[in-house]
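J.: Once you've had a glance at the structure underneath, I'll fire off some questions.
The values are calculated or read from the model by the stated rules, or taken from the named source; none is laboratory data. Fair warning: this is a prediction, and the values are worked out from it, not measured in the lab. We place every Cβ from the backbone using ideal geometry, glycine too, and count neighbours over all the protein chains shown.
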Amino acid sequence: MKDSGVDPILLDAGDALFENYYLINGKVASSKLKAKTILESTAKMGDYIYNVGYQDLAAGFEFIKEMEASYGTQYVSSNIIKSGTDELAFNPHKIIKRGELNIGIFGLTTKLPSSVNAITVKDYIQTAKEKIAELRPQVDVLVMLLNATRIQNIDATNDFAGVDYIFSSRETTRTRPETVKNTGEPMSYCFGIQGKYIARFDVNISDKSKEINDITAPMMTASFFEKGLNNLQKRDPDKPLEKIYQNNPNVMKMVQQYKQGLVESNSSLANVPNRSFYTLIPLNGGVASEKNLLAVVDQTLKTCNTLDKEGTINLN
């Protein structure tokens with residue numbers, strides 16, 4: 001999440017550390033090393049907030065707390081408590097200031113691995129209601145990181161009123177940028193699994209008393225019509241489109257449709273003081289890598305390969 005002109009806030013809704021909720025025999029050492037490398041690297045990136053997810057506990061509660069102590073990882077969880085107590089196992093939320101905005105972030109998960117006995121979860125819907133009541137008066141933007149299935153998220157939508165953004169994990173589908181968001185509801189997004197995509201949100205707020213609107217769909221629509229008109233104009237940049245294509249009724253009809261569509265799209269963007277624009281970025285070879293971090297990743301993968309070979313030998 002990025003507000004124009006200020007440092008970004010980096011968020012993970014959960015399940016960032018391991019590929020499953022258990023560790024594979026022979027690959028325990030390499031799995032833990034990958035998790036450590038992720039947390040050590042992201043701790044240097046500024047405000048990087050992790051919700052504790054179902055799969056993050058594959059190596060146990062103690063491992064997570066060790067990582068928190070070693071690298072200063074900013075975990076949040078509002079409904080994970082120590083078994084047999086009411087004591088929260090992690091920080092329940094964070095409030096971060098960016099410019100003149102106070103941004104509240106809290107995390108929930110709906111399930112823990114059965115192998116983890118030191119902690120348990122409180123009801124996520126009831127906890128969400130309590131956190132919304134607590135944080136909403138204190139912040140300008142309220143974000144919920146939710147480790148849940150898509151059905152659990154949808155079923156509880158009405159209970160999450162008061163949240164601006166819901167970022168979900170444990171869901172394989174991705175929210176496409178052109179998806180139109182319903183006014184008056186929390187803006188909810190899923191980004192898939194396995195770290196194949198990263199989402200960026202550029203937020204501009206000029207009136208704190210009004211809700212934030214996702215303008216991604218109308219912006220994309222306006223861009224489509226504008227590009228269409230520009231392509232038609234290339235035939236003769238010095239003449240109006242109506243003059244260029246006056247003898248081609250099919251193209252003239254297209255010109256009229258594009259112009260009308262552009263007017264309507266731009267009209268829908270008028271008088272929207274608080275804007276959120278969503279970009280889904282594929283993490284492929286086209287994304288430039290920071291050299292020092294890439295060297296760390298390459299060395300980690302090389303070490304993991306060695307550890308896996310040793311783990312296989314020890315199993316035999």
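J.: If you go through segment 26-35 one residue at a time, do you hit one that is in a loop (DSSP other than H, G, I, E, B) and out of contact with any Gly (no Cβ under 8 Å at 6 or more places or on another chain)?
T.: No, there is no match, as no residue in segment 26-35 is in a loop (DSSP other than H, G, I, E, B) and out of contact with any Gly (no Cβ under 8 Å at 6 or more places or on another chain).
J.: Sticking with this one: Residue check: is residue 116 within 30 Å of residue 268 (Cα to Cα) and hydrophobic (A, V, I, L, M, F, W, C)?
T.: So residue 116 does not fit the description; no.
J.: For segment 265-301, which residues satisfy the criterion of being over 30 Å from residue 167 (Cα atoms) and among the charged types (D, E, K, R)?
T.: None; the set is empty.
J.: Does residue 202 satisfy the criteria of being within 12 Å of residue 278 (Cβ to Cβ), in contact with a strand residue (DSSP E or B) (Cβ under 9 Å, 6 or more places away or on another chain) and surrounded by 13 or more Cβ atoms within 10 Å (Cβ to Cβ)?
T.: Answer is yes for this residue.
J.: Let me ask you something else. So, in segment 97-119, how many residues would count as being among the hydroxyl-bearing types (Ser, Thr, Tyr) and part of a strand (DSSP E or B)?
T.: Going through segment 97-119 one residue at a time, the tally reaches 1.
J.: In addition: Looking at 64, 49, which is the one that is in contact (Cβ under 8 Å) with a residue 60 or more places away in the chain, assigned by TED's automatic domain parsing to the domain that holds residue 9 and either more than 18 Å from residue 112 (Cα to Cα) or not basic (Lys, Arg) (or both)?
T.: Only one candidate qualifies: 49.
J.: So if I check each of 210, 196, which one is surrounded by fewer than 19 Cβ atoms within 10 Å (Cβ to Cβ) and over 17 Å from the mean Cα position of the chain (by Cα)?
T.: Answer to the selection: 210.
J.: Can you tell me which residue is nearest to residue 171 (Cα to Cα) among those in segment 105-120 that are surrounded by fewer than 17 Cβ atoms within 10 Å (Cβ to Cβ) and in contact (Cβ under 8 Å) with a residue 40 or more places away in the chain?
T.: Once the filter is applied, the top-ranked residue is 111.
J.: A further question follows. Within the set of pairs 6+ apart or on separate chains, which have a first residue in segment 275-297 that is closer than 30 Å to residue 213 by Cβ and surrounded by 10 or more Cβ atoms within 10 Å (Cβ to Cβ), a second that is among the basic types (Lys, Arg) and at pLDDT below 85, and C-beta atoms under 7 Å apart?
T.: 282/196; 283/196
J.: Of the residues 101, 108, 39, 57, only one is touching a helix residue (DSSP H, G or I) at 6+ places or on another chain (Cβ under 8 Å), among the aliphatic types (A, V, I, L, M), assigned by TED's automatic domain parsing to the domain that holds residue 170 and at pLDDT below 95; which?
T.: The conditions single out 39.
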